[in-house]
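Read the structure below first, then the notes.
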Amino acid sequence: MRYQAADAQLYIKNRKKLLEKLPEKTMVVFNSNDIMPTNADGTMRFRQNNDLFYLTGIDQEESILILCPDFPKKEWRELLFLRKTDEHIAIWEGHKYTQEEATSVSGIEQVHWLEDFDGIFAQLMALSEQVYLNTNEHLRAAVQVESRDARFIQFCKKHFPLHNYRRIAPLMHELRSLKEPEEIQQMQMACDITEKGFRRILSFVKPGVKEYEIEAEYLHEFVRLGSRGFAYDPIIASGANACVLHYIANDQVCEDGDLLLFDVGAEYGNYNADMSRTIPVNGRFTKRQRAVYDAVLRVQRAAFGLLKPGITIQEYHLEIGKIMESELLSLGLLDKRDIADQDPKSPAYRKYFMHGTSHHLGLDVHDVGTMYDPIQPGMVFTVEPGIYIREEGIGIRLENNIVIHEDGFTDLMANIPIAPEEIEDLMNQ
Ligand code: GLY
Ligand code: MN
Ligand code: MN
């Protein structure tokens with residue numbers, strides 16, 4: 001792997017936390033992701049299933065984890081099944097985990113080849129009262145293809161129709177939303193690599209440069225530093241493109257006098273950074289750009305102080321709305337009448353700030369986690385207010401990633417320049 005893997009203790013700890021939440025005589029099964037096809041014999045790069053990764057650290061296709069903690073035969077209580085590697089596979093595809101390596105990565109002693117799976121699984125099923133299986137229950141998932149986990153559910157229902165099947169996803173969301181120190185360390189690494197990319201482009205951007213040339217500069221820095229690349233399709237949006245929230249074409253020329261919005265993050269060891277910054281193409285903000293920038297920055301700083309244990313995301317977003325409303329009044333974008341006439345279900349500020357301020361961040365960019373329960377220490381969130389004024393060709397978003405503590409927070413992006421003077425200085429060196 002090009003990344004420094006977390007210690008196996010992390011995965012041992014994660015499995016223990018999951019087992020503590022399960023009833024007796026339970027079995028739980030997690031499948032890796034498929035390697036997705038493109039066209040002809042082409043494939044996409046492999047991306048591990050995040051739940052399997054969270055519980056094992058195993059970063060390889062065709063892997064299965066079984067936990068069956070009450071099974072009488074001790075050595076079958078925790079099992080990993082992997083694709084058998086041999087000389088032919090080693091020559092054509094490269095190195096795959098040996099059984100010893102898989103044990104050292106995951107802390108799982110019993111590593112079998114997949115050919116043993118059916119026989120062992122049938123024996124475990126015979127003594128399992130309930131079987132927890134994995135589904136993608138992300139609130140915004142829109143999945144058209146059948147995952148390995150989904151196929152496995154069909155397999156189980158066909159061959160073991162009378163078992164009691166249950167959902168593991170809600171428990172995984174709960175666990176994964178609270179990050180262990182080893183996970184925060186990987187995320188800090190993703191943020192630090194993102195910082196290096198941002199600093200690189202500060203001396204690269206000038207009028208006439210193309211958005212995709214900047215994309216290439218980021219990627220160069222990310223890959224050089226051990227990242228596999230972008231955590232998500234990067235947004236490199238100059239001028240009015242910044243007002244298109246999911247702009248990913250990145251094919252325009254950056255013009256003198258325009259702003260340039262980046263929403264770019266590196267991945268590292270399957271963990272993600274999610275940064276937004278906005279800079280002036282020519283290295284100097286205009287008075288108006290600076291006024292809007294300062295307003296967004298004030299909202300972000302206020303948001304840091306609001307995102308505390310005990311508050312729910314809904315309550316937090318209501319507070320942010322009030323702060324944003326007052327900034328938009330000061331900028332002359334809203335007036336008192338707009339506020340007096342507003343429908344509380346669709347407040348006036350939404351005209352210029354139409355997305356949420358914070359989401360969970362981790363192995364997924366929009367990470368799994370509870371949306372309605374109060375925020376807890378150990379959660380990691382983005383804080384990303386923005387103001388988008390299409391009629392002025394101004395779009396500004398500032399996004400940092402913070403870890404919530406009992407009292408206060410850690411900003412994983414504290415070293416990434418955000419003060420407008422600092423950005424101007426760095427661009428004009
Ligand atoms: N980059 C996606 C987001 O900011 O949520
Ligand atoms: Mn983002
Ligand atoms: Mn985000």
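Of all residues in segment 149-157, one or more are among the basic types (Lys, Arg) and farther than 23 Å from Phe46 by Cα. Evaluation of Ala190 against the conditions (1) part of a loop (DSSP other than H, G, I, E, B); (2) open to solvent by less than 50 Å² (accessible area, probe 1.4 Å); (3) within 16 Å of ligand 3 (Cβ to nearest atom) shows that the sole unmet condition is (1). Mind checking whether some residue in segment 118-133 is among the charged types (D, E, K, R) and farther than 16 Å from Ile64 by Cα? Yes: segment 118-133 contains one or more residues that are among the charged types (D, E, K, R) and farther than 16 Å from Ile64 by Cα. Screening segment 1-101 for strands (runs of 3 or more DSSP E) wholly inside it with 3 or more residues that are out of contact with any helix residue (DSSP H, G or I) (no Cβ under 6 Å at 6 or more places or on another chain), β-branched (Val, Ile, Thr) and at pLDDT 95 or above returns the ranges 26-31. Of all the residues in segment 404-429, those that are part of a strand (DSSP E or B), touching a strand residue (DSSP E or B) at 6+ places or on another chain (Cβ under 9 Å) and open to solvent by 10 Å² or more (accessible area, probe 1.4 Å) number 3. Going by what's in this entry, would Ala414 be described as out of contact with any Phe, Trp or Tyr (no Cβ under 7 Å at 6 or more places or on another chain), within 21 Å of Leu245 (Cα to Cα) and away from ligand 1 (no atom under 13 Å from the Cβ)? No; evaluated as a whole, the condition is false for this residue.
Collect the residues in segment 7-64 that are within 26 Å of Asp118 (Cβ to Cβ) and of a type in the set (A, V, I, L, M), keeping them in residue-number order. Within segment 7-64, Leu18, Leu19, Leu22, Met27, Val28, Val29, Ile35, Met36, Leu52, Leu55, Ile58, Ile64 qualify.
Pro377 meets each of the listed conditions (1) within 30 Å of Leu171 (Cα to Cα); (2) open to solvent by less than 20 Å² (accessible area, probe 1.4 Å); (3) in a loop (DSSP other than H, G, I, E, B); (4) more than 16 Å from ligand 1 (Cβ to nearest atom) apart from (2).
Count of segment 381-393 residues, restricted to those that are outside any loop (DSSP other than H, G, I, E, B) and either open to solvent by 10 Å² or more (accessible area, probe 1.4 Å) or within 16 Å of Asn50 (Cα to Cα) (or both), is 3.
The residues of segment 311-348 that are without any contact (Cβ under 8 Å) to a residue 40 or more places away in the chain and closer than 16 Å to Arg298 by Cα, listed by number, are Glu319, Gly321, Lys322, Ile323, Glu325, Ser326, Leu329, Ser330. Scanning segment 151-170 for residues that are open to solvent by 30 Å² or more (accessible area, probe 1.4 Å) and under 25 Å from Asn272 (Cα atoms) returns a single hit, Pro170. The set of residues in segment 350-374 that are without any contact (Cβ under 8 Å) to a residue 60 or more places away in the chain, within 16 Å of ligand 2 (Cβ to nearest atom) and open to solvent by less than 20 Å² (accessible area, probe 1.4 Å) comprises Phe353, Thr357, Ser358. Restricting segment 326-348 to residues that are of a type in the set (Asp, Glu) and open to solvent by 40 Å² or more (accessible area, probe 1.4 Å) leaves a set whose member that is nearest to the chain's Cα centre (by Cα) is Asp343.
Matching residues to (1) away from ligand 3 (no atom under 16 Å from the Cβ); (2) modelled with pLDDT of 95 or more; (3) over 12 Å from Leu307 (Cβ atoms); (4) in contact with a His (Cβ under 7 Å, 6 or more places away or on another chain):
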{"site": "His359", "(1), (2), (3), (4)": "no, yes, no, yes"}
{"site": "Leu363", "(1), (2), (3), (4)": "no, yes, yes, no"}
{"site": "His366", "(1), (2), (3), (4)": "no, yes, yes, yes"}
{"site": "Met379", "(1), (2), (3), (4)": "no, yes, no, yes"}
{"site": "Val383", "(1), (2), (3), (4)": "no, yes, no, no"}
{"site": "Glu391", "(1), (2), (3), (4)": "yes, yes, yes, no"}
{"site": "Met413", "(1), (2), (3), (4)": "no, yes, yes, no"}
{"site": "Leu426", "(1), (2), (3), (4)": "yes, yes, yes, no"}
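For segment 126-137, does any single residue satisfy the condition of being among the aromatic types (Phe, Trp, Tyr) and in a helix (DSSP H, G or I)? The answer is no; no qualifying residue exists.
The values are calculated or read from the model by the stated rules, or taken from the named source; none is laboratory data. On a predicted model such as this, the values are computed, not experimentally measured, just so you know. Note that we place each Cβ from the backbone using ideal geometry, even for glycine, and neighbour counts take in every protein chain shown. These accessible areas exclude ligands, DNA and RNA; they are computed on the full protein's heavy atoms, side chains included. Shrake-Rupley method; radii C 1.70, N 1.55, O 1.52, S 1.80 Å.
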